[in-house]
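Encoded as structure tokens, the structure appears first; notes follow it.
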């Protein structure tokens, strides 16, 4: 390989009742003419037409509906992490490897260049005109909106009622509720916190924007500011710093844990803490609310976004995702597949299709005209806002929201001053992702991340990054946790912003001195989360350089088990040797091991005081390198030579009975 609202405006400011679409990176992701009877889909060969679609989770009810209605269509859902669905979908399309049906959490940007025109399709008329306006370009409809999520404050109604906590109707009352709960140890976790946000940049951005809805975005000044933002005239600095007032006050009062906002910590375990009664309130969406209800004996409800200035409360809603068809299918020879995609979207655009998707995803609102849900899916606590029309949407680029959330995170964990962070936001708004773009080199074939393969098996891209780390920091071995690899590398030019998608995290690489026992313990832990409740393998799975290992597959009731570990040449580990090992500070306890941080790699702990520090592990040195920067340096260094990056048996799955 050679590397070279809908703004429904009603009168004056106090009469604004708007429907808005909040489009974010990483928020939980995203009719005529259809019958529920079984129908044959045409195919010249008589074989099933395979239609591919990338989404953040399995969609079994939708798949069953499609395949029972059209018996010659095979709908295949490729699952991918919510935090990468937008960037990776667009990068695949740009490089000619897009899925047949395209999902995105935003209905704007360059991704529209790769979508087929759906304007003439009958099902377009089934959707509310306001939302369809947001999915069009030059008068052409390119997306349909998938059912939406509501966002707000999820709270434990049982604990509130039993302990006489007043349900808040303003921000100040919310803070008083948290103060009383903390003082009385009601809904408080083991770390002393009573409110939580998961800490992903997308959710942080949503939370920050949401705090300003009643007192800014829902008023005329906020509407003018958003219009100016689209024209490059509005700035965050000097205007929106107060969007962090509420979370900063919660951190100051020790109601909210700042740890999940750091780069060396996992997102907060909202489901686990809320369902167990160890947390009173969380900012999240209705899907999370439903998951909490299903896993808890407590009763839960949702509060809207509260005002700090006696303005009406609002809810926030966002399409789970937008769905379109790959423009490449309009080319000659793809007629059957294009027809199959149109039939799937047409079926999805019926009440039956919407309900199948809602069952799969937990979404709570359909954009179909005159749609009547079969169940009461709006939480009681926000019904009044929905009935009164205070349901807010804002359409801002997903990439921008991700960046804005990352800057907010840096402020909330005290890594940046708010003035500096918001100046960076303004600069990003002007220049975008490619402001510092530079050509790193070229790659001669694709190395694809799909279906969480970097979390379950050896991959070319996993080998490449592990080799880059080991060579750059000069160690015997290097390991790369699969959850850190979020995007593919494509044949052709590789730019710096491509590496931002491949390795987006900023955890620093450190060098440890370890023995063979530690190596085996580390690899055993890396196999322990290959099957989880959500069917998404855990990110702790290790890609390796300098080592080989084999394991028995995970079963429904049994974790994968380590079978053997050797050096790269197949020779055994020296039980008396001390080896140098490159890992991240995250794995070595840089963010502690509470709340699932560190992915359970306590056998590597050299930083955290909340877990034992093994005697057979020593910190040799710290570096400023990240996975991203080592990969960049490696590609540049080997720019004019052939580099072997292939599947070579570093990681193998073996039959337990063999």
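Expressed in whole Å with the largest first, what are the equivalent ellipsoid semi-axes of the stretch 125-279 derived from the C-alpha gyration tensor as the square root of 5 times each eigenvalue?
Taking √(5λ) for each Cα gyration eigenvalue gives 34, 19, 16 Å.
Under the classification rounded if a/c is under 1.5, otherwise prolate if a/b is larger than b/c and oblate if not, where does the stretch 572-658 fall, given a ≥ b ≥ c as square roots of the Cα gyration tensor eigenvalues?
Oblate is the answer for the stretch 572-658, as a/c is 1.5 or above yet b/c matches or exceeds a/b.
Between the stretch 339-370 and the stretch 229-292, how far is it from one alpha carbon centroid to the other, in angstrom?
Taking the Cα centre of each part, the stretch 339-370 and the stretch 229-292 sit 30 Å apart.
Once you have the Cα-Cα distance between residue 50 and residue 639, take 0.36 nm times their residue separation minus that, and quote the gain in nm to one decimal.
Contour length minus Cα-Cα distance gives 208.2 nm.
Neighbouring Cβ atoms within 10 Å as the yardstick, rank 102, 51, 606 fewest first.
Exposure proxy ranking, most exposed first: 606, 51, 102.
How do 314, 225 line up, fewest other C-beta atoms within 10 Å first?
Fewest-to-most ranking of 314, 225: 225, 314.
Semi-axes, largest first, in whole Å: what does sqrt of 5 times each Cα gyration tensor eigenvalue give for the stretch 218-310?
Semi-axes, largest first: 31, 17, 14 Å.
Compare the peptides 230-237, 492-499 by average per-residue count of other Cβ atoms within 10 angstrom and give them in order, highest first.
Put in order of decreasing packing, that is 492-499, 230-237.
For the stretch 130-165 and the stretch 211-228, what is the separation of their Cα centres, given in Å?
Using only Cα atoms, the two centres lie 18 Å from each other.
Sorted by average packing, counted as other Cβ atoms within 10 angstrom per residue and highest first, what order do 56-64, 585-593 take?
By packing density, highest mean first, the sequence is 585-593, 56-64.
For the chain, what is the largest minus smallest coordinate of the Cα atoms on each principal axis, given in angstrom and ordered from greatest to least?
On the principal axes, the chain reaches 78, 70, 50 Å in Cα extent.
How big is the gap, in Å, between the Cα center of the stretch 587-611 and the Cα center of the stretch 513-532?
Measuring centre to centre over Cα atoms gives 14 Å.
Regarding the stretch 439-653, what is the average projected area of its C-alpha convex hull, in nm²?
11.5
Mind checking the full-extension length gain between residue 500 and residue 176? Use 0.36 nm per residue of separation minus the Cα-Cα distance, one decimal, nm.
Once the chain is fully extended between residue 500 and residue 176, it gains 112.5 nm.
What do you get for Rg/Rh over the stretch 393-509 if you use C-alpha atoms and the Kirkwood form of Rh?
Rg/Rh: 1.01.
In µm²/s, what is D for the stretch 266-370 at 20 °C and 1.002 mPa s, where D = kT/(6 pi eta Rh) by Stokes-Einstein and Rh is the Kirkwood radius from Cα pairs?
The diffusion coefficient I find is 124 µm²/s.
Hey, what number do you get for the chain at 222 nm if only DSSP H runs of n ≥ 4 count, each worth -39500 (n - 2.57), divided across all residues, to the nearest 500?
Value at 222 nm, helices only, nearest 500: -8500 deg cm²/dmol.
For residue 185 and residue 621, calculate 0.36 nm times their separation in residues minus their Cα-Cα distance, and state this gained length in nm to one decimal.
152.8 nm
Taking neighbour Cβ counts within 10 Å as the exposure measure, how do 485, 281 sort from fewest upward?
Ranking 485, 281 by Cβ neighbours within 10 Å, fewest first, gives 281, 485.
Each reported figure results from applying straightforward, stated rules to the coordinates on display, with no laboratory input. Here the structure is a predicted model, which means the values were calculated and not measured. Cβ: placed from backbone, ideal geometry, glycine included. Neighbour counts: every protein chain shown.
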